[in-house]
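Reviewing the structure listed below.
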Amino acid sequence: MPIRQAPKAVAGLSSGDDPDEPAIAGARQGSSDAIATLYRRYTAQLLRMLRSFTGSQQDAEDIVHDLFLGLPELLRSYEHRSEFYPWLRVVAVRIALMKMRASRRRERFIDDWPTDANAPAPPHDPWTATDLEAAIARLPESLRVVFVLRKIEDRSHAETAQLLGVSQGAVRVRYRRAVRQLRAWLERDS
Amino acid sequence: MNLSLIHPGQATLVAFDANQLTPRRHDAVAGHLRSCVRCQESLRFVRRLSATASTLDLPAAPESLLERILADRSAGERVLLPSPGLQAEPARSRAIVVTKIAVAAVIALMLTLSVSPEGLSAASGRLVHNIVRNIPVLKSLVETKPAAVPPDTSIAARSAAIPVFALDAIEAKTDEPLTTVSAIKVFSDGRVLVNDVGAHSLRLFDPTLASSTLIAGPDGGTFKYGKQASLLIPYWGDSALFLDNASNAFLVLDANASVIRTIAFPPGTDWLGLISGQPVLDPQGRLLYRVPIVPADPLVNPRLRLYAKDVDSCAIVRANFDTRTIDTLGVVASGGVTRAPMMLSSGRQILHTTINPAPVHDDWAILPDGTVAIVRGRDYHIDWIHPDGTRTSSAKLPFDWRKLDEQAKQRLLDSAQAATEASMLRAIPNASSAQMHDQFELIGIDKLPNYYPPVRIGSRRVDSSGNLWIPPTTSLYPTVGGLIYDVVNRKGIISWRALLAPGYSVAGFGTNDAVYMIAADSTGVRIARAHLGHKPLSTR
């Protein structure tokens, strides 16, 4: 299924232009139906990003759980300056970074992948989206988050740098390193 | 400068591909590409990467996750989220804050321990453990139906794909009833050395398990067992250690369960510390055990540190008998029971115990290659400490999380209260309600977790292949009623599950896939042996 469904941020959006406004207003009041509406509208995109971020479907779902659990309270600070999804994504990224920092010292095993980072990946020629997804999960965290935001979420260098709290130069360097590493893994093994 | 001689970077190739370069730069890169095979391949990869990234599937949004979110909100659960308007706080400053809080908490805890524990019995420690193990609600947890919150479908899907193997029919079983078995040692020829702490005896059963020889008892055997319950620590090969509280030393037992030498305790360690430290031996013969993390404090009587166990975490330490040195390997959560000396208004000093009937534990084990596996109870994953000191972690293991709502929490506390009082009355028949209140206390309902913790302390086993056998707290085969063990391989993945007959739990392993089990009924405890079946039953 093609991606690129995540809407771009629009500065200075008025509340009347926001198609999510009714659901946001309801969710702010704690309405289960409104929370469910927002959940069904955006969780797939969030899960794809977070799964690539964390390398784990379960971790991704944990983050989504926390995100929607605290959403009504957090929505009180939402001021319609941008579209809702980019705002929601920023919160999701922040939660993910917090959780990943907490477990930074861990080297996660990825199911069905070699435990040794230098071991060859399963051969596929040509390599597929599944191979790419698994290779992304093998990237070091600092490269992975940059690559996911740049390539999967289609964020600019500037937006990525702002989200991660690093310089644009650092984002460029990390992105290049991520691409180089992915190429080494994917093309060597194919 | 001739731009066509310079290899463009990845970013330039991406911009070239998207027609985002200036005309001059675009022409230069195009010219370079015509003559450079390396950059042509790079461009092909960049294009393919973009094309493939655009085909990554959108995962389905699980309805079960939404139901869990809404159920948790209905139950009053809230979470404080980071504001999107603020930069993420640097991890280091948060760590400092957390460290300061932790240090303050430890200091506060130590200030509560500044009285002497004179007159307190070590037996109360064992009593507390027995209480926690005998809380009816916890025992019946595996028999309860799942809570209203449906299991997560993605986890359920992973879980459902794991094959279940049942053990074959029991081929041998002890006849004579035992009292309370704490550990067994299976020798290579099938004989089994059993530590019956209830009867204060060590018995060696023949391979048929039909008859036994008394190796040590209170009044007989080749050596005296002693007056206190003690430890049998299996070792690789046909040997084992027995903790002799009379001599404050380990007795090394050979294949005939004869004492061939003694070893002094590790420095700074005593009998009580080892009894509660779950000691095991690694392949190099070093002793690993856990010790409570209680910082040295000049205001605290050193003897109190002995009693301040299970504060909330313990260190796993490794003692080398040759060099008489100890090093620390890791830290494990050890909630459940907090004991603190307390002075009554009468002036009498007692050991006041606070019980958490649903503690979040970490369990741990040593694998045949010397790797330490720590089963984390918070989110059910494995941390490995390898023999070379490196550390890795598994992903979270699938687990049937069950909600502890307010009613369930209250039932748990009521059940724990009843079990506590019953155990207290068995130990001290004339105990008054005030005495019980002085001795024991349950934690507040607000401190109980919102989900049943997945790990039972001390329940994991390790087979000869290095697989961890873990019986999760919500484990039960639905149609048979026996315990199901998650068998976790060295990659940290549940490769299969093992189903036991109802009433049995795993005590150890023998050769040829033999599994030794233990079961208790009204007549006593029995040891049984069965082999692993080779045909999967089905998936759960």
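Placing pseudo-labels 7 Å out from each Cα toward the beta carbon at residue B:315 and residue B:188 gives an inter-label distance of 3.7 nm. The gain in end-to-end length when the residue B:19 to residue B:270 segment is fully stretched comes to 82.9 nm, 0.36 nm per residue minus the alpha carbon separation. Note on the stretch B:172-230 and the stretch B:362-397: Cα centroid distance 31 Å, given to the nearest whole angstrom.
Close amide H pairs (under 5 Å, H built 1.01 Å from N) link residue B:504 with B:483, residues at least 5 positions away or on another chain. Subtracting the Cα-Cα distance of residue B:427 and residue B:406 from their residue separation scaled by 0.36 nm leaves 4.4 nm. With θ set to phi - 60°, apply the Karplus curve 6.51 cos²θ - 1.76 cosθ + 1.60 along the stretch B:450-465 and write out the HN-Hα couplings as whole Hz, x wherever there is a Gly or Pro. Couplings: 8, 9, 4, x, x, 10, 8, 5, x, 9, 6, 9, 10, 8, 5, 8 Hz. Within 10 Å of the Cβ of each residue in B:37-49, the mean number of Cβ atoms contributed by other protein chains is 2. FRET efficiency for the pair residue B:38 and residue B:60, taken as 1/(1 + (r/R0)^6) with r the Cβ-Cβ distance and R0 = 35 Å, rounds to 0.25.
Once the C-beta distance of residue A:31 and residue B:414 is scaled by a Förster radius of 45 Å, the resulting FRET efficiency is 0.80 to the nearest 0.05.
The simple Förster model, with R0 at 45 Å and r as the Cβ-Cβ distance, assigns residue B:48 and residue A:40 a FRET efficiency of 0.85. Sorting B:371-383, B:415-427, B:497-509 by average packing, meaning the other beta carbons within 10 Å per residue, from highest down gives B:371-383, B:497-509, B:415-427. For the segment A:66-75, counting C-beta atoms of other chains within 10 Å of every residue's C-beta and taking the mean gives 5. Here the peptides B:313-326, B:187-200 are ranked by packing, the mean other Cβ count within 10 Å, and the order with the highest first is B:187-200, B:313-326. The slack between residue B:248 and residue B:227, meaning 0.36 nm per residue of separation minus the straight C-alpha distance, is 6.3 nm.
Any read-out appearing in this document is the output of simple, stated calculations on the displayed coordinates, not a laboratory observation. If you're wondering where the values come from, they're calculated on a predicted model, not measured in any experiment. For neighbour counting, all protein chains shown are included, and Cβ atoms are generated from backbone atoms with ideal geometry for every residue, glycine included.
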